[in-house]
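The block underneath contains the structure these notes are about, expressed in structure tokens.
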Amino acid sequence: MPTEAAPHPAESGRTIERLLERLTRLPPQTSLTLAQLRAQYERAQHAFPLGPEVALEIVDRPSVRGEWLRPVGAEDEVILYLHGGGYVIGSPRSHRHLAAAIATAGRMRAFVLDYRLAPEHPFPAALDDAVAAYRWLIDAQGVEPRRIVIAGDSAGGGLVATTLVALRDAGLPLPAAGVCLSPWTDLSCSLPSCDPQRPSYDPLIDHAVLRAMARAYLGRRSLRTPAASPLFADLRGLPPLLIQVATDEALVDDARQLAIAASQAGVHTTLEVWPRMVHVWHWYAPILDEGQRAIERIAQFARDALVRRAA
């Protein structure tokens, strides 16, 4: 079974109650068009701007698009970050503050991938782009696989797992570890915590929107396609995984079941179930203490995995 931890809540003014007050003022997701949802996410770059201690370099090449984030004091190790957004919204701009916070805490560089989005670019576009980015880091940037950690949140957290499987199946050397934050691992949304009738205190997951995103990404394919829903994939031979999830979110069972499946496949898996948090609470680290604490735990896990891989 996976190692499971339940961290204690922080005690300060930057609490989940204050965050929930802010979130309840947002318009319902079902009232927004796709363009409006994307624009809403993009505003994070203004709400949570990078500080001068993080250098930003935009990469726009035929083979890979994204952003390099280089905090002051960063070493040679790299986090390949895969953003969330249901494969339909999100970008490096919406998640650069989160990737930068993880990189800063871990004294690493981050490359935030700008993978293609559905419905314009359905499955397997996101997966193909993630694999291509990993190859680019190794072949064009000269980064050794043992110096790479792949991390992501929500859909990006599920994409971490499917990318690791694809790398293994391609016979490529695997990275030091994977980190899945509130991962979406079952696009059929069939697990109990994803039941729309289940009481939920998380305002960030709308069940109808979630199901629409799954169909936009997979089209007519089965929603249990293993290369999109890693809960149904063969997880043997993957590097160590850290999975963080909140007790109150709709995807808590996605995370728990992934941890169980990975552990049963022989993968060293650490599952952290955080009480009372919302979906990908790490994203709110600038205004939420538990977000920063979770990021610090990610950084420690990544550093430990890199040291073990280098030994």
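The values are calculated or read from the model by the stated rules, or taken from the named source; none is laboratory data. Just so we're clear, the structure is a prediction, and the values are computed from it rather than from any experiment. Glycine also receives a Cβ, built like all others from the backbone with ideal geometry; neighbour counts cover every protein chain displayed. Keep in mind that these areas ignore ligands, DNA and RNA; they rest on the heavy atoms of the full protein, side chains included. Shrake-Rupley method; radii C 1.70, N 1.55, O 1.52, S 1.80 Å.
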Can you confirm whether region 291-305 contains a residue that is open to solvent by 50 Å² or more (accessible area, probe 1.4 Å), more than 15 Å from the chain's Cα centre (by Cα) and of a type in the set (Gly, Ala, Ser)?
no
Selected residue (criterion: farthest from residue 208 (Cα to Cα)) from residues of region 48-59 that are touching a residue at least 24 places away in the same chain (Cβ under 8 Å) and open to solvent by 60 Å² or more (accessible area, probe 1.4 Å):
53
Could you count how many residues in region 160-189 are over 20 Å from residue 81 (Cα atoms), without any contact (Cβ under 8 Å) to a residue 60 or more places away in the chain and buried (at least 19 other Cβ atoms within 10 Å of the Cβ)?
2
Within the group 102, 79, 89, 138, which residue is within 21 Å of residue 36 (Cβ to Cβ) and in contact with a helix residue (DSSP H, G or I) (Cβ under 9 Å, 6 or more places away or on another chain)?
89
Return the residues of region 255-281 that are crowded, with 23+ Cβ neighbours inside 10 Å, within 26 Å of residue 15 (Cβ to Cβ) and not aliphatic (A, V, I, L, M); say none if nothing qualifies.
274, 279, 281
All conditions in (1) open to solvent by less than 40 Å² (accessible area, probe 1.4 Å); (2) among the polar types (S, T, N, Q); (3) over 28 Å from residue 23 (Cβ atoms) are true of residue 244 except (3)
Based on what the data block shows, is residue 235 crowded, with 21+ Cβ neighbours inside 10 Å, at pLDDT 95 or above, closer than 21 Å to residue 82 by Cα and not acidic (Asp, Glu)?
yes
Within region 95-121, restricting to residues that are touching a strand residue (DSSP E or B) at 6+ places or on another chain (Cβ under 8 Å) and among the charged types (D, E, K, R), the one that is most open to solvent (accessible area, probe 1.4 Å) is 107
For residue 277, all conditions in the list (1) in a helix (DSSP H, G or I); (2) at pLDDT below 95; (3) of a type outside the set (Lys, Arg) hold save one; what is the number of the exception?
(1)
I'm trying to understand the selection: among the residues of region 190-206, which are touching an Asp or Glu at 6+ places or on another chain (Cβ under 8 Å) and either crowded, with 17+ Cβ neighbours inside 10 Å or in a loop (DSSP other than H, G, I, E, B) (or both)?
191, 193, 194, 200, 201, 202, 204, 205
Just checking, which of 291, 266 is assigned to a loop (DSSP other than H, G, I, E, B) and without any contact (Cβ under 8 Å) to a residue 40 or more places away in the chain?
266
Residues 98, 20, 37: which one is at pLDDT below 90, under 22 Å from the mean Cα position of the chain (by Cα) and in a helix (DSSP H, G or I)?
20
Which of the numbered conditions does residue 80 fail, given that it passes all the others? Conditions: (1) in a strand (DSSP E or B); (2) open to solvent by 10 Å² or more (accessible area, probe 1.4 Å); (3) within 17 Å of residue 128 (Cβ to Cβ).
(2)
Given (1) under 18 Å from residue 183 (Cα atoms); (2) touching a Ser or Thr at 6+ places or on another chain (Cβ under 8 Å); (3) open to solvent by 10 Å² or more (accessible area, probe 1.4 Å), index of the condition residue 157 fails
(3)
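This table checks each residue for (1) over 15 Å from residue 88 (Cβ atoms); (2) in contact with a Gly (Cβ under 7 Å, 6 or more places away or on another chain); (3) of a type in the set (Asp, Glu); (4) not in a helix (DSSP H, G or I).
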{"site": "122", "(1), (2), (3), (4)": "no, yes, no, yes"}
{"site": "129", "(1), (2), (3), (4)": "no, no, yes, no"}
{"site": "146", "(1), (2), (3), (4)": "yes, no, no, no"}
{"site": "158", "(1), (2), (3), (4)": "no, no, no, no"}
Flagged pairs (Cβ under 6 angstrom, 6 or more apart or on separate chains; first in region 123-138, crowded, with 18+ Cβ neighbours inside 10 Å; second among the charged types (D, E, K, R) and modelled with pLDDT of 95 or more) are 129/116
